[in-house]
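Here is the structure we will look at.
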């Protein structure tokens, strides 16, 4: 394999970043209709089907580097980190839910049957994985953060991809308010730190799936719960507690590996 990338680093980042933005904008326009589950499923499948080949081709043709550098090894070797990432959000979030409910800050009632709620809860993780977690982690914490980390120390690389992710949210219409911009930035910093600590993106995928699934389940997408005090639930139980506790767990677990000043290697083979 030729040791020299076909395109300089800024060009490679621009190509993949612009490609990802265009995919989300195009699918958003194509599927711009009143929400229903089949449309959600179609969007999820199409997002992964378009984004994964984009990254594969960029890695092979532009970077001229092996897939391994992107931090997505086989599930057989990454499932423990996937579960760790999920647990890092789910366990402290459950405590946050209990706190909010116990103190009377939040009230939750089921607006539909329990069976329907369970069906939605089983389906949403798959849709979240395909529509958000896998493609977004592969592009931002996989391709973009890794390429930045081959030139910059790990800390600036995490910040760089977080800025790009926040801008992505703004450009695609997902982060246009101050609170959404802040959420995108903090979320991306946390997931980027997971990548820097663990060495791959499985933990960030797990955390992303857990967070997004529960957020949608108790929001308008799930449409199975009525929540009074949703703002408090979002900030305390879904944000502050699991974000801070999750990072403390990962940082402690990988303390011997984490080096914010390290520059990542990018071997040809």
Inset, instruction - Need at least 2 residues that are farther than 22 Å from residue 219 by Cα, touching a helix residue (DSSP H, G or I) at 6+ places or on another chain (Cβ under 7 Å) and in contact (Cβ under 8 Å) with a residue 24 or more places away in the chain per element, so show me which helices (runs of 4 or more DSSP H) inside region 97-196 make the cut, counting only ones lying wholly within it. - result: 145-149, 154-171
Inset, instruction - Specify which of the listed residues (18, 42) is farther than 21 Å from residue 123 by Cα and assigned to a helix (DSSP H, G or I). - result: 18
Inset, instruction - Sort out which residues of region 89-103 are farther than 11 Å from residue 241 by Cβ and either within 25 Å of the chain's Cα centre (by Cα) or at pLDDT below 95 (or both), and write them in order of number. - result: 90
Legend entry - Matching residues in region 50-86 - criterion: being in a helix (DSSP H, G or I), under 28 Å from residue 239 (Cα atoms) and within 15 Å of the chain's Cα centre (by Cα): 51, 70, 81, 82, 83, 84, 85, 86
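The values are calculated or read from the model by the stated rules, or taken from the named source; none is laboratory data. On a predicted model such as this, the values are computed, not experimentally measured, just so you know. Quick reminder, even Gly has a Cβ in these numbers, built from the backbone with ideal geometry, and neighbours come from all protein chains shown.
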